[in-house]
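Engineer: Mind having a look at this structure? Questions to follow.
The values are calculated or read from the model by the stated rules, or taken from the named source; none is laboratory data. These numbers were taken from a predicted model, which means no experiment stands behind them. Neighbour counts run over all protein chains shown; Cβ positions are idealised from the backbone, glycine included. In case anyone asks, the SASA skips ligands and DNA or RNA and just uses the protein heavy atoms, side chains included. Shrake-Rupley method; radii C 1.70, N 1.55, O 1.52, S 1.80 Å.
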Amino acid sequence: MAMYKHIMTGLDLTTFDDQILQYLKQQNNWLQPQLFSFLHVSPSLEIPQYLPPDLVPDPGFTMEDQVKEKMDEQIDAFFPSASYDSVIREGPVTKIMLKQATKNGVDLDIIGRKQAHDFAGLGAKRFIRHASSDVLVVPSASSQTLRRIVVATDFSTHSDWALRKAIEFATILQVEIVLLHIFEVPPTWHNKVGRTQQQFDAMIRANLEDYLDKYLAEVNPASVEITPILLERDDSSLAQEIARFADHADADLLMMGVKGHRNLETFLMGSITEKVLNPDAGG
């Protein structure tokens with residue numbers, strides 16, 4: 001059974017598209033959607049007026065035609081016999097992609113991240129905040145195989161959703177799930193309960209361990225193997241700690257679920273998840 005019925009991938013007609021397509025090809029054996037859509041959004045599809053006549057193709061061959069030809073060439077190199085839709089639109093990139101995803105009932109959007117401050121032309125934070133679908137961000141150095149998934153949780157209902165989604169993955173793939181919770185201990189609270197800081201820290205951790213056991217029994221009825229990790233927050237931002245842990249754990253996928261402005265859940269959404277995309281920004 002396909003996990004997603006309709007997957008849409010943004011392409012910007014650069015060489016980075018090949019990395020996204022290669023990643024998608026590697027994951028296609030388990031994604032297996034009913035429909036693939038590939039979308040390119042251009043600020044303008046008008047042929048520049050300054051071009052001399054000898055550089056302008058046949059007037060009947062539009063810029064949209066040229067873009068579609070290039071897109072299909074890229075896609076066919078990775079999916080030579082696949083059925084897909086290639087869609088070209090004109091206008092603001094993020095706005096058009098959000099509109100297209102909502103209009104066509106897309107349930108997974110895939111966007112690329114070239115480097116720390118560039119998301120393949122997308123206003124990624126705005127896109128993630130407003131998306132009505134799951135969102136998968138593919139970094140330039142992404143792993144082509146899924147072996148270990150880190151799920152960051154704050155035990156909210158939206159974090160529950162992310163863990164349940166990871167469990168779905170694990171029932172299809174041979175992947176390891178690591179459940180990460182980063183907690184904070186109020187610095188002066190131990191005085192109020194007559195304990196030393198060390199005693200109070202140990203009590204908090206012991207209570208969290210008990211809570212985790214009960215939580216996993218409830219959220220994981222299929223008894224998929226999950227490794228719980230409790231980390232006490234240091235002086236770093238929460239986003240930096242999550243990103244650092246995922247990196248040190250050699251995670252192939254980081255999953256988070258947070259309630260956004262549209263009251264919908266996605267892979268990466270909200271203030272903390274946005275900062276995880278750029279952890280050096282702090283927060």
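Engineer: Count, please, the residues in segment 59-90 that happen to be open to solvent by 20 Å² or more (accessible area, probe 1.4 Å), touching a residue at least 12 places away in the same chain (Cβ under 8 Å) and not in a helix (DSSP H, G or I).
Structural biologist: 9
Engineer: Now for a different question. Which of the residues spanning segment 91-104 are surrounded by fewer than 17 Cβ atoms within 10 Å (Cβ to Cβ) and closer than 25 Å to Q26 by Cβ?
Structural biologist: Of everything in segment 91-104, just one residue is surrounded by fewer than 17 Cβ atoms within 10 Å (Cβ to Cβ) and closer than 25 Å to Q26 by Cβ, namely N104.
Engineer: Among the residues of segment 252-261, write down those that are in a loop (DSSP other than H, G, I, E, B) and either of a type in the set (A, V, I, L, M) or surrounded by 18 or more Cβ atoms within 10 Å (Cβ to Cβ) (or both).
Structural biologist: Residues satisfying the conditions are M256, G257, V258, G260.
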